[in-house]
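*Asks:* This is the structure I have questions about; it appears just below.
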Amino acid sequence: MKLASLKHGRDGRLVVVSKDLTRATDAFIIVPTLQAALDDWDRCGPRLADLAEQLEHGSVPSFRFHEHHCASPLPRAYQWADGSAYVNHVELVRRARGAEMPASFWTDPLMYQGGSDSFLGPREPIAMVSEAWGIDFEGEVAVILGDLALGASREEAAAAIRLVVIVNDVSLRNLIPGELGKGFGFFQGKPSSAFSPVAVTPDELGGAWNGAKLALPLLCYLNSQPFGCPDAGEDMTFDFPALICHAAKTRPLAAGSIIGSGTVSNKDPDGGPGRPIAEGGRGYACIAEMRTVETIREGKPKTEFLRFGDTVRIEMKDKSGHSIFGAIEQEVVRHER
């Protein structure tokens, strides 16, 4: 089934959305918000699935579904932990600045705890004070969990995955080096992220979902031009159960916790850095990776980070060409208090 949160109060108004993303029906007769549904999934999940089936058959009242009316599926969450599952991306970024990558990065996931109190809606602007901060998008896949115990096994981690979404994990590249240099992690360099209009249950993904990763291209556009289409199922060093186990090593994870994959990144078939779309490659899911490849190949980057007025679009389609999650589409604007 497909679920969305229409803008309403702080936590949205839960609706069930048709498979083709054209119609929706209110879920308030079962549960008012997605967080409340996740808190009581064993009871609410099957009832929401029944409602989804009735929506497909036209046997319940429905209305036109508009993606721009959506908040993120969870407008705020108890936990947003973002990994770096595509180690190719980490390796490239470090290589561009002449830093050696520790061998442990291939065996132990990187993860940071991001801000989860104010996610952006999928069509809300990215409002920043200054372009000098190095505004970048990052196309990712993420999973939303049910309750999970501390020290969970891989099997328990996989079973806790309730929903799948795509993400724009906004990054301020020129603030990050100074923060990391303090040895205490991200904060200012990671503002509010945006999530897809719709969250889907894993069964909705068919053969593209194997219980651990989603094997479909993530389509990224900058100012309506293709920027990247890396396959989320390839070059994923740490799959979702591995990331979830890492997050739950020392703490339980509450229902509604979100675990991100990090920037989707593919190597070139010859094993080297991925090539830009213009050269027949799959391109990139963030500007930083394109700049990294330019630095490796040409000695310096030439692609600029986002400017006010730029528009980013991130989407994923099934093998028939139909949008699965709806689209994240955001304009970068100057922040005005």
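The values are calculated or read from the model by the stated rules, or taken from the named source; none is laboratory data. Please read all numbers here as calculations on a predicted model, not as lab measurements. Note: ideal-geometry Cβ built from the backbone for every residue, glycine included; neighbour counts use all protein chains shown. What goes into the accessible areas is simple: the full protein's heavy atoms, side chains included, and nothing from ligands, DNA or RNA. Shrake-Rupley method; radii C 1.70, N 1.55, O 1.52, S 1.80 Å.
*Asks:* Quick one: among Arg123, Arg154, Arg94, which has the greatest mean-square fluctuation in a GNM of the chain with alpha-carbon springs under 10 angstrom?
*Replies:* Judging by the Gaussian network model, the answer is Arg94.
*Asks:* If you don't mind, another one. Please report Rg over Rh for the stretch 127-237, where both radii come from the alpha carbon positions and Rh follows the Kirkwood definition.
*Replies:* Values: Rg = 16.6 Å, Rh = 16.3 Å.
Result for the stretch 127-237 is an Rg/Rh of 1.02.
*Asks:* Quick one: accessible surface of Thr311, probe radius 1.4 Å, all protein chains present, in square angstrom to the nearest 10.
*Replies:* Accessible area, nearest 10 Å²: 40 Å².
*Asks:* Relative to the longest principal axis of the C-alpha atoms of the chain, give the angle of the C-alpha long axis of helix 87-96, reported between 0 and 90° and rounded to the nearest 10°.
*Replies:* The answer is roughly 30 degrees.
*Asks:* List the GluC sites (Glu not before Pro) within the stretch 28-113 that fall in a DSSP loop (any state other than H, G, I, E or B) and whose Cβ has at most 16 other Cβ atoms within 10 Å.
*Replies:* Details: sites: Glu53, Glu56, Glu67, Glu91, Glu100; in loops: Glu100.
Hits after loop and neighbour filter: Glu100.
*Asks:* Working from Cα positions, state the angle (0 to 90°, nearest 10) between the long axis of helix 287-298 and the longest principal axis of the chain.
*Replies:* 30
*Asks:* Go through the stretch 70-85 residue by residue and turn each phi into a ³J(HN,Hα) via Karplus (6.51, -1.76, 1.60, θ = phi - 60°); whole Hz please, and just put x for glycine and proline.
*Replies:* Those phi angles translate into 8, 7, 4, x, 10, x, 8, 9, 6, 7, 10, 10, 10, x, 9, 6 Hz.
*Asks:* Let me check something: with ligands and nucleic acids excluded, how do Lys249, Lys2 order by accessible area (1.4 Å probe), largest to smallest?
*Replies:* Descending order: Lys249, Lys2.
*Asks:* For the stretch 27-167, count all C-alpha to C-alpha pairs, find those more than 22 Å apart, and express that count as a whole percent of the total.
*Replies:* Working: 5581 of 9870 pairs.
Within the stretch 27-167, distances greater than 22 Å cover 57 percent of Cα pairs.
*Asks:* Of the labelled options (i) 32, 22, 19; (ii) 37, 23, 20; (iii) 34, 22, 18, which one gives semi-axes √(5λ) of the Cα gyration tensor in Å as computed for this structure?
*Replies:* It is the one labelled (i).
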